[in-house]
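The values are calculated or read from the model by the stated rules, or taken from the named source; none is laboratory data. Quick caveat: nothing in here was measured; it's all calculated off a predicted structure. Cβ: placed from backbone, ideal geometry, glycine included. Neighbour counts: every protein chain shown.
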Amino acid sequence: MQYQHSQRRVRRRSKVWLWIIVVIAGIIAGVIGGLAYRFFSITNTTPLDFVQKPFGGQRIIRILALGEDNTHKSSKTGRGLSDTIMVAAVDLDAKTVRAISIPRDTRVEVAGHGIEKINTCYSIGGPELAIEAAQAVLGVPVDYYIKTDISGLKEIVDLVGGVGIEVEKNMYYRDRRGGLYINLKKGYRHLNGDQALQYVRYRRDVMGDITRIQRQQKFLRALARHSLQKENWAKLPSIATEIYENKYVETNMNLKDIKALVELARDIPPDQMEMETVPGTPQTISGVSYWIPDLEKTAELVDMLLEPSSTHTAKTPNAKVEVLNGSGISGVAKEVADQLEKYGYVITNTGNASRFNYDSSQIIVHNGKVDGADRIAQLIGCTKIRTLDASAGSHDGPDITVIVGKDYRQN
């Protein structure tokens, strides 16, 4: 009962797949010249598509983002299940992006197949059926799709030099039959591609798949932050080559559309990018576990986030932040504090850290203000976020502590 009660209130605001779309779009746009012919071949487009305005001149477009798992190896169709499903509404004039995530166990009726979980739709009927299912749940048309293969993250992680992340507990699991071996230690770790897959595939948690999905979102958020660092832009062409050759990305958008997304993403402040999850409750029907959407609340959420008539405005941050100088560079804490104040953060303290030998900046989350921390990381170019254990009790001080390291001037 406690599990169901908690699920009724879950409203995750992860910007994960939105930023993954931005990363992929940046990769593709960065290699327009050298890989144009290959792009036309893969996406079935022609140079004539670039005579028109992006997205055929539409002001508002909706994009279905799919993250495919590795079950395609045993699938009759050669397509896997959708590990992540999200619909993003992009307003090209107002320069806003908002999205709704659909839980993979959402119960839907599929034409010709009866009742299914929504994560099976891509496997059964490809992107067309996945779009139909998403439209049925949300009640709005979807114009485009972009599909990524979660297993392709291994190569991408290695190409960008690994990803730093806080491993929240010791993770050990061995499945000889399935060829899955997981052995990760608690603490901040710089994960290579193989270790990253271990991290996102681990699921021995009290809340099972729910926690695994949250862990994937946390990792993909860290990957997006790392990939968008300035020092990684030079690597994007080689990453793009890998993506093309291994077909890690599938989309019906053409190059001009994707370039428009990149330009839009650079103009949108982080607080204008919002994501919610379809509200509902878990329910077991005939021995099968489903997520049953709350239709009334879902309709309200769609009207607020995906409809062009929406008057919804992004929430301003209310996190209390302290900024500490861990680099020894005079005035750096105040400089960062002034920057964060401009974006609506409440600065409670500036000063010196306990030491001045922090090579890299880091962010410490005290009261669960993860979204606020993620936004700060984007603003100051930080890739290291550490969340303190909530079981330690409430924290009366700041919600977030920013320790400015020696790398800050380089960002």
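Is it the case that Glu263 is closer than 30 Å to Glu341 by Cα and modelled with pLDDT of 70 or more?
No, not satisfied.
Among the residues of segment 114-126, is any touching a strand residue (DSSP E or B) at 6+ places or on another chain (Cβ under 6 Å), at pLDDT below 85 and in the same structural domain as Pro293 (by TED's automatic domain parsing)?
no
State all residues of segment 68-83 that are at pLDDT 80 or above and within 21 Å of the chain's Cα centre (by Cα); if no residue qualifies, say none.
Those that are at pLDDT 80 or above and within 21 Å of the chain's Cα centre (by Cα): Glu68, Gly80, Leu81, Ser82.
If the requirement is being crowded, with 20+ Cβ neighbours inside 10 Å and at pLDDT 85 or above, which of these qualifies: Gly280, Gly287?
None of the other options fit; the residue is Gly280.
Exactly one of these conditions fails for Asn349: (1) at pLDDT 75 or above; (2) of a type outside the set (Lys, Arg); (3) outside any strand (DSSP E or B). Give me its number.
Only one criterion is unmet by Asn349, namely (3).
Is there any pair linking a residue in segment 143-159 that is among the acidic types (Asp, Glu) and part of a helix (DSSP H, G or I) to one that is surrounded by fewer than 20 Cβ atoms within 10 Å (Cβ to Cβ) and modelled with pLDDT of 85 or more, with Cβ under 7 Å and at least six apart or on different chains, and which?
Glu155/Gly193; Asp158/Asn192; Asp158/Gly193
Yes/no matrix, rows are residues, columns are (1) among the small types (Gly, Ala, Ser); (2) over 26 Å from Asn254 (Cβ atoms):
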position: Ala65; (1), (2): yes, no
position: Lys76; (1), (2): no, yes
position: Leu81; (1), (2): no, yes
position: Met86; (1), (2): no, no
position: Pro103; (1), (2): no, yes
